[in-house]
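Novice: Would you mind keeping the following structure in view while I ask a few things?
Every number in this text was worked out from the coordinates using simple rules, so none of it is lab data. Values in this document were obtained by computation on a predicted structure and should not be read as measured data. So basically every Cβ, Gly included, is an ideal-geometry build from the backbone, and we count neighbours across all protein chains shown.
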Amino acid sequence: MAVSSRIEQGEIAQGEVPMSVIGKLIDRMLSGPDRREVIAQRLYAALATQSRRPEFYLSCGVPDSVDGRFEMVALHAFLLFRRLKGQGEKAGAVAQSVYDVMFGDFDASVRELGAQDLGVGRRIKFMTEAMTGRFAAYDAGLAGGPNELELALKRNLYGTTEPHDDMLKRMAEYVRAAAAALSGQPVDQLMRGLLHFPTLDPERLDY
């Protein structure tokens, strides 16, 4: 059928360029596992970079330790996965790829710390269980009433220390702001590996 007839019958929107067979093949290739791995690497790099921002450790009192850095990655991973949840099969596949990339990084980090093969397996299992618990706690915290998120952060993010009230409040407000910002970020941007978190202002207690 001619393109003009297909436009008239509504199969192609006015102004839309029909995709050739080669174009469809290229699009399929870019949507495959290799492309998904590239997207996952970009998303993980973005959340890991945000997790290492010094203001979280200097202004919010997050412990600058192996545990503290793990907790910050877990928190930002939660925010990304929360945004991708329920957004379709491709988004779910990308989320799984990010998860795999993240734990590949954890595995390499544990090995760098000198753990042997059996020790690595035990630590990764512990991290997996800890991550699942954090995700559930933060999800409930965002959905719950006043101070629920603060309590979840105090038990998990600050599990090895006792944060000052103003630091805990600042961190909780950042998490709420980040969740809102990601909710407004189009999924198609995330599916291209573009992930943006809000900037934490050390002087603000509200967002």
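Novice: Residue by residue through the range 93-107, what is 3J(HN,Hα) from phi via Karplus (6.51 cos²θ - 1.76 cosθ + 1.60, θ = phi - 60°)? Round to whole Hz and write x for glycine and proline.
Specialist: Calculated HN-Hα couplings, in order: 5, 5, 4, 5, 5, 4, 4, 5, 4, 4, 6, x, 5, 4, 4 Hz.
Novice: Enumerate by residue number the trypsin sites (Lys or Arg not before Pro) in the range 56-103 meeting two conditions: DSSP loop (anything except H, G, I, E, B), and at most 15 other Cβ atoms within 10 Å of the site's Cβ.
Specialist: Those that pass, being in a loop and sparsely packed, are 85.
Novice: Go through the range 71-147 and name the chymotrypsin sites (Phe, Trp or Tyr not before Pro) that are in a DSSP coil and have 15 or fewer other Cβ atoms within 10 Å of their Cβ.
Specialist: none
Novice: If each of residue 85 and residue 164 carries a label point 7 Å out from its Cα toward its Cβ, how far apart are those two points in nm?
Specialist: For residue 85 paired with residue 164, the spin-label model returns 3.3 nm.
Novice: Where the Cα atoms of the range 34-190 are projected onto their three principal axes, how long is each span, largest first, in whole Å?
Specialist: 44, 40, 25
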